[in-house]
1. Work out the FRET efficiency for residue 75 and residue 164 from their Cβ-Cβ distance, taking R0 = 35 Å, and round it to the nearest 0.05.
2. Shape of the chain from its Cα gyration tensor (a ≥ b ≥ c, root eigenvalues): rounded if a/c is under 1.5, otherwise prolate when a/b > b/c, or oblate?
3. Evaluate the Debye formula for segment 183-251 with equal point scatterers sitting on the alpha carbons, no solvent, and hand back log10 of I(q)/I(0) at q = 0.19, 0.24 Å⁻¹, in q order, two decimals.
4. Just to be sure I understand: of the beta bridges DSSP finds with both ends in the chain, what percent are antiparallel, rounded to 5?
5. Beta carbons within 10 angstrom, averaged per residue: use that to sort the peptides 7-16, 108-117, highest first.
6. Could you order peptides 49-57, 92-100 by the average number of other Cβ atoms within 10 Å of their residues, highest first?
7. Suppose each label sits 7 Å from its Cα in the direction of the beta carbon; what would the residue 192-residue 156 distance come out to in nanometres?
8. Classify segment 53-107 as rounded, prolate or oblate from the Cα gyration tensor: take a ≥ b ≥ c as the square roots of its eigenvalues, call it rounded if a/c is under 1.5, otherwise prolate when a/b beats b/c and oblate if not.
């Protein structure tokens with residue numbers, strides 16, 4: 001089984017233009033992502049896909065394999081689909097270029113279901129939520145799964161809703177639910193098929209493209225990892241990432 005990872009890195013982000021090149025401890029963010037991914041021994045190829053020549057040149061500068069893609073893509077997944085067309089692999093991982101804390105635990109967890117079950121076509125990961133604030137934050141996508149860890153629903157709302165303990169939820173001690181982390185694995189055949197599906201009703205309501213698969217009857221295996229990453233959406237997130245890295249080194 002050949003497994004490749006594609007890192008979509010868009011320069012023209014609406015909320016943070018140029019973020020693939022934003023410096024985290026004097027190193028471009030996309031380089032942090034790339035270095036986190038290539039630590040995995042399971043991958044036959046790691047490719048960065050961008051629409052901007054500045055990102056392309058920077059990636060070539062630190063030795064990464066990188067390709068130019070169209071600048072009209074609506075999502076990182078669409079960029080991955082274009083880049084994956086010329087990759088010879090059975091499994092394609094989608095590792096977003098704004099996830100500088102990606103590690104081998106995440107990579108291995110995305111891959112494991114494909115090795116255990118030949119019927120798996122789509123995987124992702126989740127992590128427990130222990131904070132009320134994090135649970136209520138619409139920027140954190142929540143997921144509920146069935147007993148076999150297949151996704152039932154993804155939402156920006158706090159799910160599942162605890163009707164009996166609603167009033168005391170702020171003081172609750174334990175796992176509120178699960179946060180969905182935006183990393184994906186697909187069989188190459190499914191990825192191509194997914195790209196042909198039109199955006200679905202729930203996808204457009206929640207602005208979550210994984211709901212397109214569920215609405216079309218596909219299953220997503222969502223297993224648990226111990227880490228909760230910090231995606232970089234706005235400039236202030238850089239400081240949060242640096243603080244996390246410093247804390248990790250000091251522990």
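1. Efficiency, from the Cβ-Cβ distance: 0.40.
2. Verdict is oblate for the chain.
3. So the normalised log intensities work out to -0.88, -1.05.
4. If we restrict to bridges inside the chain, about 55 percent are antiparallel.
5. My ranking of the peptides, most packed first, is 7-16, 108-117.
6. 92-100, 49-57
7. Once both label points are built, they end up 3.4 nm from each other.
8. rounded
Each value in this text was obtained by applying a stated rule to the coordinates, not by laboratory testing. Since the structure is predicted, the reported quantities are computational estimates derived from the model, not experimental observations. Neighbour counts are summed over all protein chains in view; Cβ atoms, including those assigned to glycine, are modelled from backbone coordinates with ideal geometry.
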